């Protein structure tokens with residue numbers, strides 16, 4: 001039985017812990033925070049399990065590996081909603097919809113009547129769209145809380161504190177899943193800034209994530225239930241500051257209003273800023289140096305790719321298989 005220490009209790013660390021526990025490992029998970037909170041990139045995730053939509057801009061492995069996510073999260077939490085994804089555009093931006101359709105697959109075109117049937121609150125507002133019926137979404141905070149509770153129930157030990165990966169690796173097998181916090185040890189890791197809002201708008205009811213295409217700022221909005229929505233769009237190179245920029249705030253709210261004017265009465269209940277860890281090609285990496293394994297670079301695909309990343313880490317340890325996203329291996 002392997003005794004393994006994991007550093008970082010965000011989405012990557014928790015998924016890796018689950019995969020290793022299921023293979024029989026004894027796992028200790030160390031994080032600088034006692035519980036998941038706003039300091040974690042995972043806290044501000046959209047929670048869209050949308051591999052086919054991501055094909056519009058992401059590399060092929062994101063689409064292929066991301067298809068594991070819906071089943072994995074459904075097996076380990078009760079937080080998954082299998083309602084698909086609806087992609088729409090204002091009439092003046094139908095060229096964006098055509099481009100999106102060409103770059104993606106597993107979608108069906110929908111007209112105004114079909115859009116209204118899927119989302120009655122959008123009736124008479126949009127005439128064309130794309131429906132990705134096989135996609136899903138989840139509430140990230142609920143999913144992570146349920147995943148963590150299951151790990152504790154099954155024997156994972158959680159410890160709070162700052163951890164030195166190299167020192168721990170001298171004592172035994174260690175996996176560093178700290179995301180952007182590991183940038184000092186991973187020189188080619190960069191931060192991609194994300195800014196997002198959480199809105200309360202009981203006057204709007206949506207059943208699934210929506211993507212509103214716009215040439216300057218494509219918008220996504222994800223229902224959280226009880227009239228609460230996660231709203232995001234921006235990906236800005238560089239480490240995130242402490243606060244959202246005025247431009248992002250104005251453009252996000254303007255885009256929400258364009259979706260339906262009812263969002264003009266929404267209350268902004270949270271504003272989030274984070275740095276998403278990414279490599280140059282926006283694909284994750286697994287790197288091993290002796291007893292230290294680094295699993296990082298999930299970019300904005302944390303919930304979508306963490307299950308596949310965790311599977312590869314477990315395969316490396318238990319089956320001696322080389323992960324698809326592995327490089328820089330020394331023993």
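The values are calculated or read from the model by the stated rules, or taken from the named source; none is laboratory data. What you see is a predicted model; the values in this text were computed from it and never measured. All Cβ positions, even for glycine, are placed from backbone atoms using ideal geometry, and neighbour counts span all protein chains on display.
Computed quantities for the displayed model
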read-out: Every residue from the range 306-319 that is touching a helix residue (DSSP H, G or I) at 6+ places or on another chain (Cβ under 8 Å) and within 19 Å of residue 7 (Cβ to Cβ); value: 306, 309, 310, 313, 314, 317
read-out: Subset of the range 283-311 [over 18 Å from the mean Cα position of the chain (by Cα) and in a helix (DSSP H, G or I)]; value: none
read-out: Test: residue in the range 244-257 that is touching a helix residue (DSSP H, G or I) at 6+ places or on another chain (Cβ under 8 Å) and either outside the structural domain of residue 95 (by TED's automatic domain parsing) or surrounded by 23 or more Cβ atoms within 10 Å (Cβ to Cβ) (or both); value: yes
read-out: Matching residues, the range 196-222, being surrounded by 18 or more Cβ atoms within 10 Å (Cβ to Cβ), within 16 Å of residue 119 (Cα to Cα) and in contact (Cβ under 8 Å) with a residue 40 or more places away in the chain; value: 201, 204, 206, 208, 209, 210, 211, 212, 220, 222
read-out: Residues (assigned to a helix (DSSP H, G or I), touching a strand residue (DSSP E or B) at 6+ places or on another chain (Cβ under 6 Å) and within 20 Å of residue 11 (Cα to Cα)) located in the range 164-185; value: 165, 179, 180, 182
read-out: Options 185, 181, 146: the member that is outside the structural domain of residue 225 (by TED's automatic domain parsing) and over 20 Å from the mean Cα position of the chain (by Cα); value: 185
read-out: Count of residues meeting criterion [closer than 19 Å to residue 64 by Cα and in contact with a strand residue (DSSP E or B) (Cβ under 7 Å, 6 or more places away or on another chain)] in the range 280-294; value: 3
